[in-house]
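Below: one structure, written as structure tokens.
Just so it is clear, none of the values below were taken in a lab; they were calculated from the coordinates. What you are looking at is a predicted structure, and each value in this text was computed from that prediction instead of being measured. Note: ideal-geometry Cβ built from the backbone for every residue, glycine included; neighbour counts use all protein chains shown.
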Amino acid sequence: MDHPVIVLASDEHASHLDDEFRRYHRDYDVRVVRTCADATALLERLCAADRQIALLVQDAGLPDADVWTSFAAWRRVVPTARRLVTVPWERFLEEGARLRPGLAHGKFDAFLLMPRGLRDEEFHAAVVELLSDWGSTVARPEVETIRLVSRPGNPLTAAVRDFAHRMGIPAGVHHPDSDVGREILAELATTRQESGTAEAPGEPVVASVYRAPFVATSVREVAQALNGSSGETVLTDVVDVAVVGAGPAGLATAVYAASEGLSTVVLEAEAVGGQAGTSSMIRNYLGFPRGVSGMRLAQRARNQAVRFGARFLTGWEVDALQPCDASLAHDEREHVLTTPGGGHVRARSVVIATGVAYRHLGVASVEELVGRGVYYGSAMTAAPEVEGQPVVVVGGGNSAGQAAIHLARFASSVTIVVRRDLTETMSQYLIDELRWNERVHVRVGVEVVDGGGAGLLEWLDLRTNASGEVERVPAAGLFLLLGARPTCGWLPPTVARDPRGFVLTGRDVPKEAWLGPGGVPGPWASDAIVPPDTLATTAPGVFAVGDIRSGSMKRVASASGEGASVVPLIHAWLAP
């Protein structure tokens, strides 16, 4: 198999860059060109030969084109490649002010000083980040931890593959008639024969290093195959903190609680990362100047929490909470969380971090095609399947903007459909990047009212609300990111919520609903000036953080901050 290609475009510094990139020669095919025209011709030949181009590195001083012209030309040939501008030290001040706006508008992915001297690891750390980002979103995994055997168009296969991607698990899909498919099906048949099961297999068949091949019936079943069934009671002791939900807020809670010596368990019904884990690239999160995908941020946080001793149970849906009796002595208080399979977790404190889910479109013909061209969330794993075809994104939040930018690397065009202007709901940096992307178009005051195709999505009907006019447009993909609905139907009535279903905390708690320590009406109920703690719910020892909390900002950074801020409140609750 041919190695992915790195193209270095430089005239004056060609030999220097070639020498710097020598460390990548084992895993990549590094090519050097001296002009924009030569680079364009090379890229066209490589694409015609079905070669993968991972990275384009350009010296800002090409003789026949400026940065804007060259990257625009190369982007038309190979939009999925990552783009890096490097400038020699002596021209950095001169070029910096001119190039930074291009970085903000998404014209390229990174702007770096050209290496000077040996082992410029800061430069190469940025290069490796770009290559890693390309590898996780474009290239097929070299080693597959999970293999799925399925025919095209299976919604469950798409959902399982998306789950694996969000968990950072390399996964591949193989047709039943392929060599890999036949091998796995034969192993499944042997396993069934040994166990005395004779029923015909369905799809997808899941093969992994964790257990023998099996026919998956849900994403949750695959998650439990990695972590044990939620019908098992795997925790015999009472833990200090049980976190329900592993989005940014829950992950931050786990990191800070476990780092301070609290025994911590995190229960997540789906994939670690929550809704944020589906984001292709978060560029405004503190400390990541080149951005970070939601999946990588979530997995790094998970690994950080595990390092401190936190335990994660994915595929564990919590369907009930039995709050503790706050009138008991400190060491006798015990909340109980139960799962549909009959498992349970006992904890001295509970943090609700279940976040929100995307609202459904409510168009029957579109809902029937979920997993077959219609996706809730950004569905990063589906992006390569729409290469060269038009797609539609519905939503006006940051997640929708990030999804549109990612999809524009693959699709021939991306249409964002929103009811109101993006400035009301989306960060300005994303609006600017969308405006400068020639493949992205925004249609305001438009809704999806119908859709269909022969087994897969092929077209959508879009209605302009002002005129009532309906237009049929071709679409190979519809990505729905429709705001938020709370996921807390499992909570008992003692946990107060607002009319929309979000959990009330702190000063938002109704005075008549607040029970202070000991389970009796507290100072907030008696009209004193001290309200409940900021992140405390109406159930003593139960806290809420992140998007599930009424009045939260619905941003990754604020959710992480709340996850860290709740730990001192837990300490105060647990203190004798």
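Here is the list for the stretch 97-150: GluC sites (Glu not before Pro) lying in DSSP coil, each with at most 13 other C-beta atoms within 10 angstrom of its C-beta, are GLU142. Note on ARG500 and ALA73: the model spin-label points, each 7 Å out from Cα along the C-beta direction, lie 4.9 nm apart.
In plain terms, the chain from LEU286 to VAL449 could stretch by 54.8 nm, reckoned as 0.36 nm per residue minus the Cα-Cα distance.
Relative to the longest principal axis of the Cα atoms of the chain, the long axis of helix 556-574 makes an angle of roughly 30 degrees. With each label modelled as a point 7 angstrom along the Cα→C-beta vector, the LEU93-ASP319 pair spans 6.9 nm. Distance between the modelled labels on LEU118 and ASP50, one decimal in nanometres: 4.4 nm (7 Å Cα→Cβ projection).
In summary, the stretch 264-356 shows an alpha-carbon radius of gyration equal to 1.31 times the 2.2 N^0.38 Å reference for compact globular proteins.
Against the chain, whose longest principal axis comes from its Cα atoms, helix 36-48 is set at around 70 degrees.
The equivalent ellipsoid of the stretch 146-219 has semi-axes of 20, 13, 12 Å, largest first, where each one is the square root of 5 times an eigenvalue of the Cα gyration tensor.
Using the Cβ-Cβ distance between SER195 and GLN428 with R0 = 51 Å, the FRET efficiency computed as 1/(1 + (r/R0)^6) comes to roughly 0.30.
The packing ranking of peptides 99-110, 255-266, 533-544, highest mean first, is 533-544, 255-266, 99-110, where packing means the average number of other beta carbon atoms within 10 angstrom of each residue.
Volume per residue of the convex hull around the Cα atoms, evaluated for the stretch 273-427, comes out as 190 Å³.
Kindly rank 549-558, 163-172, 449-458, 467-476 from highest to lowest mean number of other beta carbons found within 10 Å of each residue.
By packing density, highest mean first, the sequence is 163-172, 549-558, 449-458, 467-476.
How fast does the stretch 364-480 diffuse by Stokes-Einstein, in µm²/s, taking the Kirkwood radius from C-alpha pairs at 25 °C and 0.890 mPa s? Can you show the working numbers first?
Values: Rh = 14.0 Å.
It diffuses with D of about 176 µm²/s by this estimate.
Compute the angle between helix 92-104 and the longest alpha-carbon principal axis of the chain, please, reported from 0 to 90 degrees and rounded to the nearest 10. The two axes meet at around 60 degrees. Seen from VAL470, the other residues with C-beta closer than 15 Å to its C-beta sum to a net charge of -2, counting Lys and Arg as +1 and Asp and Glu as -1.
In the chain, the ratio of gyration radius to Kirkwood radius, Rg to Rh, stands at 1.00 when only Cα atoms are counted.
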